[in-house]
Each structure stands twice: as structure tokens, then as C-alpha cells.
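A.B. asks: Handing you a structure now.
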């Protein structure tokens with residue numbers, strides 16, 4: 001057993017630091033690269049098990065067998081997820097089709113308008129181009145000519161059959177919804193692995209406590225990791241709900257008041273999209289604003305300004321009020337480490353790796369804090385066996401004694417006595 005220095009920590013010898021740790025890191029790197037997919041599935045299963053462990057323990061305390069508690073938790077969670085996906089999928093597909101049809105009609109459907117007593121046949125896009133030019137003329141910007149170029153752009157979009165592209169978008173969304181079924185095998189595998197992990201948590205916790213007993217007033221390793229994951233997931237979901245609700249309500253108000261015509265019909269879709277993209281750190285707020293801004297540009301270009309102002313206001317409140325108070329100390333990682341984790345997760349496993357990176361880092365942080373209290377590295381400052389080398393040092397030269405200058409009462413040729 002490794003020696004224990006003062007304070008009860010396990011001391012890692014220098015030879016293990018020099019040879020063992022680099023070999024372990026190299027082995028982990030090679031194996032992780034070879035079984036990347038399997039490792040990712042096990043990491044996701046571990047995070048799920050850590051997230052559900054407090055709920056299972058709460059049921060288990062009430063004299064419910066642990067296996068039965070695990071079954072209850074997973075059955076209820078599965079039913080809730082299926083119902084949520086069914087509702088969300090129906091809403092997203094329905095509103096996406098409606099938005100695609102509206103986009104198609106905006107450029108292709110011709111309406112008859114009466115202008116100065118004459119009938120004029122034009123699309124909504126052509127009418128908005130005329131309105132934009134009229135607005136520029138009324139506000140002293142008649143030097144900007146966008147009318148002819150705008151009509152040419154609308155004609156080009158109409159000639160390219162915009163309906164064909166919108167139908168492709170709808171087909172893509174439907175295909176994406178269908179392709180989710182291809183992930184069933186991985187999801188079932190993750191669920192099975194997480195169930196086995198949950199069932200084995202008591203034995204694993206007992207084994208860890210025997211080697212690394214908990215100190216009075218501190219939590220065991222698995223409890224710390226579980227709390228870190230639960231805290232992060234709870235905070236992130238709450239932030240997503242707040243941002244998604246804010247965006248949905250804001251777009252609904254814009255639609256009702258006429259600032260963004262028709263936005264109230266798609267407020268639920270915009271809010272759901274903003275809530276989902278909020279799960280992506282840093283890029284999420286930008287991605288969440290793209291569909292509403294594009295919609296506003298199509299419906300009425302000036303209304304896009306209101307949408308941009310809405311998102312700027314929401315994310316200022318998010319950065320200064322929501323995130324500091326909701327997330328709190330859920331992550332407690334340096335921003336550079338967060339960025340590295342996100343980039344590494346994306347490089348290793350794409351978008352799913354980005355989503356898993358931060359809760360995995362939260363669990364790793366809890367494990368690091370636990371072991372840093374119990375394990376120490378043997379210092380290298382006291383290395384013995386060094387060969388002493390004699391160095392000849394020349395003594396410094398002494399300056400010559402200085403004679404004080406003669407005083408006024410000293411006769412010439414007689415030196416003044418040295419001062420005491």
C-alpha cells in the first residue's frame with residue numbers, strides 16, 4: 001500500500017509519476033480512440049445513472065427494493081419522454097408546414113390590389129418592396145433605390161420555384177423525425193447499461209468507501225458526482241425553459257400588436273427552438289435567434305429590428321441575472337476549461353459530444369475534488385542521490401581604507417587621526 005504522509009493522504013511515489021501516469025494516459029488515449037462509440041455510450045449511461053441515483057435512493061429509503069425503485073423510475077421517465085416527444089413532434093411538424101406554406105405564398109401567390117383606382121396584380125413580397133421604397137422616400141432617404149432591385153430579387157426567387165425548396169425543408173424535417181427511430185438500438189443499450197450501473201451503485205460505493213472512507217461531514221464520491229450532475233442538468237433545463245418561454249411570449253406579443261405580423265401563430269415553435277438551442281453553450285443564443293429573424297425579414301424587413309432587440313434584451317437578462325442565479329455554482333469550472341471541453345466533445349463525437357461535455361466535466365470536477373483531499377504526489381524537491389559539485393568562489397576584494405580629509409585645525413603634512 002502506498003505510504004501515507006501527514007494529513008492521511010495517500011502519497012504517489014515519484015517513479016509512478018514518472019513512468020506509471022504517462023503509460024496510463026497513453027493507454028487510455030489509445031483505447032478511447034479505438035472504442036470511441038462504446039465509450040461514449042458508457043459515459044452517457046453513467047451520467048444518466050448519476051442523475052437518477054438520488055431518486056432511486058429516495059424510493060429505496062421508503063422500504064422499496066432497489067430493483068423495483070429503478071423499474072418505477074425508468075417506466076415513468078419513458079412514458080414522460082414519449083408523451084413529450086409526441087406532442088413536440090406534432091407541434092413542430094405542423095407549424096413547420098404552415099411556415100413553409102406561408103413562405104411559399106409570400107413569393108408566389110399573386111393578389112389583386114387597387115392602387116389609385118387601378119387594379120394591380122402582385123405578390124406580398126412585391127408589395128413589401130414598394131412599401132420599403134415608400135418608407136425610404138418619406139424619411140428623406142429617397143436617394144436609396146431598392147424598388148427595382150427588390151422586384152428583380154423576388155422574380156428570381158419565384159423563377160426558382162421556392163415551393164420546391166420549402167417542400168424539401170419539410171421533407172427533411174419529416175425524415176429527421178423518422179431517422180430518430182434508427183437510434184433506438186443505442187438508446188436501449190444506454191438504458192440497459194444505466195440500469196446495471198444503478199443496481200450496482202451500492203456495491204461500488206461500499207468498495208470506494210473501504211478504500212477512501214468519507215470524512216465526517218463530507219459526502220462519498222458517488223454522491224458528490226451525482227449532486228454535480230443533477231445540479232448542472234437542473235440548472236440548464238431551468239435556463240432553457242426561461243429563455244424559451246421569454247422568446248415565445250415576446251414573439252406572441254409582437255404578433256398580436258402587429259410589430260411582427262403573424263408571429264403569434266409561430267410563437268410556440270420559436271420558443272421551443274430557442275429552448276432547445278439554449279442547451280448549446282455559447283452558440284445556442286445565436287442559433288435560437290436565426291429562425292425568428294429570418295421570418296421577420298420575410299414578413300416585413302423593418303420588423304426584424306424588433307426581433308433583434310428582443311433577443312438582445314433577453315440574453316442580456318440571461319447573462320446578468322438568470323445564469324448567475326439559476327446555475328450558481330453548478331459547474332465551477334474555468335471558462336477556458338469549459339471551451340476546451342466543448343471543442344473536445346465536438347471533435348470526438350460531434351453534436352452529441354458537445355451536449356455531454358459539460359455534465360461530464362461537472363462529474364469529473366467532483367471526482368477531482370474528492371481525490372485531491374485523499375491523494376498527494378510525492379514532492380520532487382527532496383530527491384536524494386544528487387552528486388555535489390565543488391565550485392571555487394573567489395573572495396570579494398576589500399576596498400582600500402579611506403583617509404578622511406584634513407580639517408581646518410590640522411597642520412599641513414600631518415594626517416588627521418582616524419575617526420572613532
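Laboratory data are not the source of any read-out in this text; all were calculated from the coordinates shown. This one's a predicted model, so the numbers in the text were calculated from it and none came from an experiment. Note that each Cβ is placed from the backbone with ideal geometry, even for glycine, and that neighbours are counted across all protein chains shown.
A.B. asks: Under a crude label model (7 Å from the Cα following the beta-carbon direction), how far is residue 199 from residue 63 in nanometres?
C.D. replies: Distance between label points: 2.5 nm.
A.B. asks: Next up: Order these peptides, 345-358, 69-82, by their mean beta-carbon neighbour count within 10 angstrom, highest first. List each step's numbers first, then the result.
C.D. replies: Values: 345-358: 17.1, 69-82: 14.1.
In decreasing order of mean packing, 345-358, 69-82 become 345-358, 69-82.
A.B. asks: Among 273, 63, what is the fewest-to-most ranking by other Cβ atoms within 10 Å? The partial results should precede the final answer.
C.D. replies: Working: 273 21, 63 6.
Listed from fewest to most nearby Cβ atoms, that is 63, 273.
A.B. asks: May I pose another question? Sorted by mean Cβ packing within 10 Å, highest first, what order do the peptides 216-229, 29-42 take? Walk me through the intermediate numbers first.
C.D. replies: Values: 216-229: 17.4, 29-42: 12.9.
Ranked from most to least packed, the peptides come out as 216-229, 29-42.
A.B. asks: For a Förster distance of 45 Å, can you work out the FRET efficiency between the beta-carbons of residue 12 and residue 131, rounded to the nearest 0.05?
C.D. replies: Details: r = 73 Å, r/R0 = 1.63.
The formula returns an efficiency of 0.05 here.
A.B. asks: Would you list 374, 121 from fewest to most Cβ contacts within 10 Å?
C.D. replies: Working: 374 17, 121 9.
Ranking 374, 121 by Cβ neighbours within 10 Å, fewest first, gives 121, 374.
A.B. asks: How high is the FRET efficiency between residue 368 and residue 279 when r is their beta carbon distance and R₀ equals 22 Å, given to the nearest 0.05?
C.D. replies: Numbers: r = 24 Å, r/R0 = 1.11.
Efficiency computed from Cβ-Cβ geometry: 0.35.
A.B. asks: Just need the relative contact order of the stretch 194-338 here, percent rounded to a whole number, with Cα pairs under 8 Å and 6+ apart.
C.D. replies: Values: 134 pairs, mean separation 31.6, N = 145.
The value is 22 percent.
A.B. asks: For a footprinting-style exposure proxy, rank 9, 211 by other Cβ within 10 Å, fewest first. Please list the in-between numbers first.
C.D. replies: On the way: 9 17, 211 10.
Going from least to most buried by this count: 211, 9.
A.B. asks: Here's another thing I want to ask about it. Could you tell me the calculated FRET efficiency between residue 206 and residue 294, based on Cβ-Cβ distance and R0 = 41 angstrom, to the nearest 0.05? Don't skip to the end; give the middle numbers.
C.D. replies: Numbers: r = 56 Å, r/R0 = 1.37.
It comes out at approximately 0.15.
A.B. asks: In a Debye calculation with equal point scatterers on the alpha-carbon sites of the stretch 241-386 and no solvent, what is log10 I(q)/I(0) at q = 0.10, 0.12, 0.14, 0.22 Å⁻¹?
C.D. replies: After summing over all Cα pairs, the log10 values are -0.48, -0.62, -0.77, -1.27.
A.B. asks: Let me ask something additional. At what distance in nm do the modelled label points of residue 19 and residue 39 sit from each other, each positioned 7 Å from its Cα along Cα→Cβ?
C.D. replies: It works out to 2.5 nm between the two label points.
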